[in-house]
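Below is one structure, written out as structure tokens; the observations come after it.
What follows is calculated from the coordinates using simple rules that are stated; it is not laboratory data. Quantities reported herein were computed from a predicted structural model and do not represent experimental measurements. Glycine gets a Cβ as well: all are built from the backbone with ideal geometry, and neighbour counts include every protein chain shown.
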Amino acid sequence: MASEARRPWHQRLAGARPYRFEVLTYGGALVTLLFLRSRGLHYGWNTISHTFVSVLWTLPMMLVLGVALRALAERLTGSPVRPYLRAVASWPWFVLWLRVIGGFVGYIYAYTWLKVSVPLLRTDIFDFELWRLDRFLHFGVSPTVLAIELVAGTPLAWWVDRYYGYWLYVVPLWTAYVYAWTRDDARRNFAFGASLMWIAGAWIYYAVPAVGPCYWSPDIVAPIQEQMPLAAGTQWNLWQQYRGMLESRGGVLRVFSPALGVAALPSLHVAAFVYFTLWSRRYARRWYRPWIVASALVFFGSLATGWHYAIDGYVGALLAWLAFRAAERLEPAARATAGGAEGER
């Protein structure tokens, strides 16, 4: 072990065995690429370079923000900050950070390219069936319509519009926060569950293609659209690309953005927040209750904005639970202590 510790970090990295989250993530990305190519889509290195270039510029920011947030958390809880900063200023910590961030980029690749390709691969959609199932589960009432009626014409519409849009920033921020810990087992555990959740979610998009209430029946969101300009603008942009992809089936798709995929089931907005809730209950208990509230609000927002059916959120929550349980078994980590502080360190 002593001789191993004296080896340069890059040699230790080169000889390190792959962790299970890396096998899952990179294997999932490779399977996704091969599947898309087998279906006649000419995806290759261009998709890999596009994804890495798009994400690469955010990585230094994620590192700085993650460490800053962790240092702030240490300060606010009365813990000394210097021991934490000394721990992260080490090659072993940074090497694992690079590896979990590599997994982050890997599952973004698999998720993004499979999701955006669904309209090129499937000609059917299941919105009618999801609509009927939603009403059946809720005794003839559509939760989406009910949520829209509750907030239409009230100040809540403005608030929900912005809160739901913050999801785009909260997910990478929390990921940066977790990956800035000094607990290697917790970082690997989180990476495995997140990879499984996003990759599996993309495959469900392919298996059960649906566009969501705001597209399948635009009249549903008509009463609230002007009061939610952020959601309405995003929905319009995504729909323009979706229509363009439908028109290009069997031809050449020359211009499109991989980030503008349209899919409803499952709601990965809900899945991500539920996963954070489950994970926090085990490893970061001070954040457990805030994440419960955040998950409930994002579920309500998914309905009130017209993006999703309620069943999308239920399936998303189930997916998050399954991903969490799989991570507990395949990339286990020690449970947090009763106070939570030591478990988070």
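Within the set of other residues whose C-beta is less than 11 Å from the C-beta of D312, count the net charge using Lys and Arg as +1 and Asp and Glu as -1. Summing Lys and Arg as +1 and Asp and Glu as -1 gives -2.
Take 216-224, 38-46 and order them by the average number of nearby Cβ atoms within 10 Å per residue, most first; the result is 216-224, 38-46.
Full extension of the chain between N237 and T154 yields a length gain of 27.3 nm, computed as 0.36 nm times the residue separation minus the alpha carbon distance. Computed about its Cα centre, the charge dipole of the chain is approximately 1420 debye, with only Lys, Arg, Asp and Glu carrying charge at their Cβ. Counting Lys and Arg as +1 and Asp and Glu as -1 over every other residue whose Cβ lies under 14 Å from the Cβ of L268, the net charge comes to 0. Inter-label distance, A89 to I292: 4.0 nm, where each label sits 7 Å from its Cα along the C-beta direction. For the chain, the residue among P155, W216, P83 whose Cα projects farthest onto the positive side of the dipole built from Cβ charges is P83. Here the dipole of segment 197-304 is about 620 debye; that uses its Cα centre as origin and unit charges on the Cβ of Lys and Arg (positive) and Asp and Glu (negative). Here the Debye sum runs over all C-alpha atoms of segment 2-344 as equal scatterers in vacuum, and log10 of I(q)/I(0) at q = 0.10 Å⁻¹ comes out as -0.64. The L322 and R82 beta-carbon pair, evaluated with R₀ = 35 Å, returns a calculated FRET efficiency of approximately 0.30. When peptides 238-244, 279-285, 112-118 are sorted by average Cβ neighbour count within 10 Å, with the highest value leading, the order is 112-118, 279-285, 238-244.
Within segment 200-299, the proportion of Cα pairs with more than 19 Å between them is 58 percent. Relative to the current alpha-carbon distance between L69 and R17, full extension at 0.36 nm per residue lengthens the span by 15.7 nm.
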